[in-house]
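What follows is a single structure, written as structure tokens, with notes after it.
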Amino acid sequence: AAAATASTSVPQVDMTAGLPNGLKGDAKRGGAFYLANCATCHGARGDGAGPRAYVINPKPRNFIADESRARFNRAALYAGISEGRLASEMPAWKQVATPQQIADVAEYVFQSFIIRGESAKTAAPAPK
């Protein structure tokens, strides 16, 4: 019974939250960066099944999984891309990419995989 209740304890994430530091992501530019740098692991469809995924452990994040869609807003994506993930092949992109490039990739992933199928308007960044 404990396992069944664990999945329901996921906190609600504010999907209208914007990017940090007033950044505005450009999904088109972010898509080009994603396809060049991220798709080999995360897959062109964001499903974590890129051509390198089968040799990576832990497996790359599947952005279209329900748990990812419930957890990753723009700010969380930006942080994950920027900081990377210890003990994994996910690099800390802040070492080589600009904050704007990271914002662009975060926006692309958010629009293309996290809210795909929902109205983008319902997940628009909150006005400041």
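The values are calculated or read from the model by the stated rules, or taken from the named source; none is laboratory data. It should be emphasised that the depicted structure is a prediction, and the values quoted were computed from it without experimental measurement. Neighbour counts are summed over all protein chains in view; Cβ atoms, including those assigned to glycine, are modelled from backbone coordinates with ideal geometry. Only protein heavy atoms, including side chains, enter the accessible area calculation; ligands, DNA and RNA are left aside. Shrake-Rupley method; radii C 1.70, N 1.55, O 1.52, S 1.80 Å.
Results, tabulated for the structure shown:
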{"quantity": "Subset tally (residues that are out of contact with any helix residue (DSSP H, G or I) (no Cβ under 7 Å at 6 or more places or on another chain), surrounded by 14 or more Cβ atoms within 10 Å (Cβ to Cβ) and either closer than 24 Å to Gln12 by Cβ or charged (D, E, K, R) (or both)) for segment 47-67", "calculated": "2"}
{"quantity": "Residue match in segment 88-96 (condition: open to solvent by less than 40 Å² (accessible area, probe 1.4 Å), closer than 13 Å to Met15 by Cβ and in contact with a Pro (Cβ under 9 Å, 6 or more places away or on another chain))", "calculated": "no"}
{"quantity": "Every residue from segment 40-72 that is assigned to a loop (DSSP other than H, G, I, E, B), more than 13 Å from Ser112 (Cα to Cα) and charged (D, E, K, R)", "calculated": "Arg52, Lys59, Arg61"}
{"quantity": "One residue from Ala27, Ala17, Ala92 being touching a helix residue (DSSP H, G or I) at 6+ places or on another chain (Cβ under 6 Å) and over 19 Å from Ile114 (Cα atoms)", "calculated": "Ala92"}
{"quantity": "Complete set of residues in segment 50-104 that are among the β-branched types (Val, Ile, Thr), under 19 Å from Ala39 (Cβ atoms) and more than 11 Å from the chain's Cα centre (by Cα)", "calculated": "Val55, Ile56, Val96"}
{"quantity": "When residues of segment 73-116 are limited to those that are among the β-branched types (Val, Ile, Thr) and part of a helix (DSSP H, G or I), the one farthest from Pro20 (Cα to Cα)", "calculated": "Ile114"}
